[in-house]
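Heads up, the thing below is written out as structure tokens.
The values are calculated or read from the model by the stated rules, or taken from the named source; none is laboratory data. Everything numeric in this text was worked out from a predicted model, so none of it was measured. Cβ placement follows ideal geometry from the backbone for every residue including glycine, while neighbour counts extend to all protein chains displayed.
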Amino acid sequence: MRGSFVGVDLGGTKVAAASLAEGELGESVVWPTDLSNSQAVVSQLADLVTEATPGRLDAVGVGIPSVVEFESGRAVSSVNVPLADVPLRRVLGERLGVPVFVDNDATVAALAEAHDENLRLVARNLVMLTVGTGVGGGLVLGGRIYRGSTGGAGELGHTIIGLGLQGEEDVPPAGEFPQAGSLEAVGAGLALDRFANETARLYPESTLGRLAAEGKTPTGGDAVAAAKAGDEAARHTVRAWAERVGIGVANAINTFDPDEVVLGGGAALAGELLLGPAAEVARAYAHPGLADHANIRLARHGIRAGVLGAALLAQHEVEHTAERSATEVS
């Protein structure tokens, strides 16, 4: 179908948008996310779409880090951005004057990753883990997005990967999300930030330790850069984080028996430092009958999977509406 669409990837740290026209994805426009309130977020999204639109605009797709009621585009719950109960599909559509489709950010990234560089569907059963400020999950099962009964399917960041219970110990009381021991709590980018600071404290002679001594707060990005440069303390820190992500991958394999598990989000910039330990741990913890089938890889579309998937969502929904209308007429 010919048309011009814009995909938006909203995260807790930054928001990106890019146009999709004639099978070509344009350059991304990236801004820091305005988290002051829901009205500010909506205004920022509208301005960003306008900035990213080269001319004609047929529809907009938006991926947000929230459980989404797809029909209304309402964020049922939202942990990292202030969008809970906001009917984003209607509100943003009224601002822009075109159809808007809203889905979970990891879900639209999964849709992108199920397609190759030529936008052909190449994986019918795929699980996507997006590791960034939080950890999201997206599911493509049987070649279609799987949303579950409420739109919340794929919240794999909230699976529990480490309570450390032994024998007769009671399960600890539940707390606020992300729960202690969840994949998001120990495997997100914010967790790597914490690990980097702890490494700086324990190893003052390391690269991270020297950054702290200069009055800087080491980040997960600093840890990855130091690890790539050969700093042993940083390499150990990044590996420990990647192994926790690997437990999440194993859970995904054991639950869905997919063709592929894809690691995306900003953390994928760690490359083999993430993929190697995560895949090694995942194959050790996945069921023997499933571990060798699933291909574990980094996102082929890189950090742009979110905007591409959101744009594809808009395109597919417009195409579906057109096909349905044509069928009703005939």
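Could you check, for segment 314-330, whether at least one of its residues is out of contact with any Pro (no Cβ under 6 Å at 6 or more places or on another chain), at negative phi, modelled with pLDDT of 95 or more and not in a helix (DSSP H, G or I)?
Within segment 314-330 (the criterion being out of contact with any Pro (no Cβ under 6 Å at 6 or more places or on another chain), at negative phi, modelled with pLDDT of 95 or more and not in a helix (DSSP H, G or I)), the answer is no, since none of the residues qualifies.
Restricting attention to segment 150-176, which residues are part of a loop (DSSP other than H, G, I, E, B), of a type in the set (Val, Ile, Thr) and surrounded by fewer than 18 Cβ atoms within 10 Å (Cβ to Cβ)?
Thr150, Val171
Could you list, in sequence order, the residues of segment 115-149 that are outside any strand (DSSP E or B), within 30 Å of Gly221 (Cβ to Cβ) and either touching a strand residue (DSSP E or B) at 6+ places or on another chain (Cβ under 9 Å) or of a type outside the set (Asp, Glu) (or both)?
Result: Ala123, Gly132, Thr133, Gly134.
Tell me which residues, restricted to segment 93-132, are over 21 Å from Val49 (Cβ atoms), without any contact (Cβ under 8 Å) to a residue 60 or more places away in the chain and surrounded by 24 or more Cβ atoms within 10 Å (Cβ to Cβ).
Ala114
Across segment 270-303, what is the number of residues that are more than 17 Å from Leu126 (Cβ to Cβ) and assigned to a helix (DSSP H, G or I)?
The qualifying residues number 14.
Can you report the number of residues in segment 205-231 which are without any contact (Cβ under 8 Å) to a residue 12 or more places away in the chain and among the acidic types (Asp, Glu)?
The total comes to 2.
Of all residues in segment 129-161, count the ones that are within 15 Å of Val68 (Cβ to Cβ) and among the polar types (S, T, N, Q).
Selection size over segment 129-161: 3.
Quick one: count up the residues across segment 240-269 that are at pLDDT 95 or above, of a type in the set (A, V, I, L, M) and out of contact with any strand residue (DSSP E or B) (no Cβ under 7 Å at 6 or more places or on another chain).
4
For Val68, are the conditions met, namely being surrounded by 19 or more Cβ atoms within 10 Å (Cβ to Cβ) and either free of Cβ contacts under 8 Å to residues at least 12 places away in the same chain or more than 19 Å from the chain's Cα centre (by Cα) (or both)?
no
Yes or no, residue by residue, for (1) of a type in the set (D, E, K, R); (2) more than 28 Å from Ala185 (Cα to Cα); (3) touching a strand residue (DSSP E or B) at 6+ places or on another chain (Cβ under 6 Å); (4) not in a loop (DSSP other than H, G, I, E, B):
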residue	(1), (2), (3), (4)
Ala18	no, yes, yes, yes
Ser36	no, no, no, no
Ser43	no, yes, no, yes
Asp47	yes, yes, no, yes
Ser72	no, yes, yes, no
Glu94	yes, yes, no, yes
Thr107	no, no, yes, yes
